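The values are calculated or read from the model by the stated rules, or taken from the named source; none is laboratory data. Please read all numbers here as calculations on a predicted model, not as lab measurements. Here the Cβ positions follow ideal geometry from the backbone for every residue, glycine too, while neighbour counts run over all protein chains shown. Accessible surface is based on the protein model in full, side chains and every heavy atom, while ligands, DNA and RNA are left aside. Shrake-Rupley method; radii C 1.70, N 1.55, O 1.52, S 1.80 Å.
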Amino acid sequence: AVVSTQSTGGNLDQCHLHDIIPLYVDYLISTGVQGILVGGSAGQGILQSVSERIMVAKAFIAAVKRRIIVIVHTGGVNYQDTVELTDAVSKLDVDCIMLSAPIFFPYFNYSGMVEYLIDAGKACNGKPVLYYHFPSMTNLKYNIVDLAATLKEKMPNFMGLKYTANDVDVYKQLVDLKLKIFLGFPSMTLVGAEIQGSGVSFITGPTNFINGLMMSIVNAVLDGNTTKAKVLQQDLDNFMDAIIVERELMASMTYVMDLAGLPMGQPSKPLTELTDAQKEIVKGNLQRASSQGIMMDLIHRYAS
């Protein structure tokens, strides 16, 4: 899940689009990332206009040059924007489109939600569709297994979902539906590897920094070394604790990217950047984590 931010004036930073994104994509590919999600939570797409989201998608597509998979999140807060954006993105060189439920109103009628997603899915013009399940953000109370099964039956281009939750039993039920499941929480890396083996997949912001660590956990499970996998999972959990300050995940990730030499500007309004005091906390946490051998990929080169 790629990070994408705004400039100080609240507008898209053209330097970010044309200069930083190509370097950013090259780095991600060098770490073994097999695809990117544009405009998700880390990309703050929900806080951007339709035209801005299209500009960002085009910038990442141009930088990728068909080297890895490109998924674009087009979910929005109203049906019209979602359909307009989905239709526009479907005509770009993308591999898959991700839809999500509108936020704020948590009590949609279930049949109405299904109809909403199916209708929005038609705007994908045949491109494969993923559903973004993030209940702690949307506050929707649906049974996600039932919803996934319904979409599988009624939406021909529905291929699976991003599961950003930590209910292991629900995850197992989704796997049993034979859909493509992408895990959104790094804390589920070990569990995912144990349940799906080499078929486990992730879409999560921290892969910007620690894709190698997450893959090491998967490989340890595949090698039958459960003890090593558990140690590495604890390292991963410690890393997440190190970079998140006072629940400011988006701002913290943006700052870590800055430390790593990829300036992302400021988060999209109304999100704010970390205070100087919070930045010092993150930097100190990273230095301690690095001294313990936890840092992987981009970050360890800049932690000192």
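Selection of segment 120-136 for residues being over 18 Å from Val168 (Cα atoms), out of contact with any Ser or Thr (no Cβ under 7 Å at 6 or more places or on another chain) and open to solvent by 50 Å² or more (accessible area, probe 1.4 Å) yields Lys122, Gly126.
Cβ-Cβ distances below 7 Å connect the following pairs, each with a first residue in segment 216-233 that is more than 15 Å from Val191 (Cβ to Cβ), a second residue that is open to solvent by less than 80 Å² (accessible area, probe 1.4 Å) and at pLDDT below 95, and a separation of six or more residues or different chains: Ser216/Leu232. I'd like to know if segment 14-29 contains one or more residues that are under 19 Å from the mean Cα position of the chain (by Cα), within 16 Å of Cys96 (Cα to Cα), at pLDDT 85 or above and of a type outside the set (D, E, K, R). Looking through segment 14-29, none of the residues is under 19 Å from the mean Cα position of the chain (by Cα), within 16 Å of Cys96 (Cα to Cα), at pLDDT 85 or above and of a type outside the set (D, E, K, R). Scanning segment 72-85 for residues that are open to solvent by less than 10 Å² (accessible area, probe 1.4 Å) and aliphatic (A, V, I, L, M) yields Val72, Leu85. When segment 36-60 is filtered for residues that are in contact with a Leu (Cβ under 8 Å, 6 or more places away or on another chain), closer than 14 Å to Leu92 by Cα and crowded, with 21+ Cβ neighbours inside 10 Å, the ones remaining, listed by number, are Arg53, Val56, Ala57, Ala59. Scanning segment 271-282 for residues that are assigned to a loop (DSSP other than H, G, I, E, B), in contact with a helix residue (DSSP H, G or I) (Cβ under 8 Å, 6 or more places away or on another chain) and either among the polar types (S, T, N, Q) or over 14 Å from Ser4 (Cα atoms) (or both) returns Thr272, Leu274.
Taking first residues from segment 144-163 that are free of Cβ contacts under 8 Å to residues at least 40 places away in the same chain and among the small types (Gly, Ala, Ser) and partners that are in a strand (DSSP E or B) and open to solvent by less than 20 Å² (accessible area, probe 1.4 Å), the Cβ contacts under 8 Å between residues at least 6 apart in sequence or on separate chains come to Ala148/Tyr131; Ala148/Gly160; Ala148/Leu161; Gly160/Leu130; Gly160/Tyr131; Gly160/Ile181.
Among residues of segment 149-169 being among the aliphatic types (A, V, I, L, M) and open to solvent by 30 Å² or more (accessible area, probe 1.4 Å), the one that is nearest to Ser111 (Cα to Cα) is Ala149. Going by what's in this entry, would Ile29 be described as under 23 Å from Phe134 (Cα atoms), open to solvent by 20 Å² or more (accessible area, probe 1.4 Å), part of a helix (DSSP H, G or I) and among the β-branched types (Val, Ile, Thr)? Criteria not met by Ile29.
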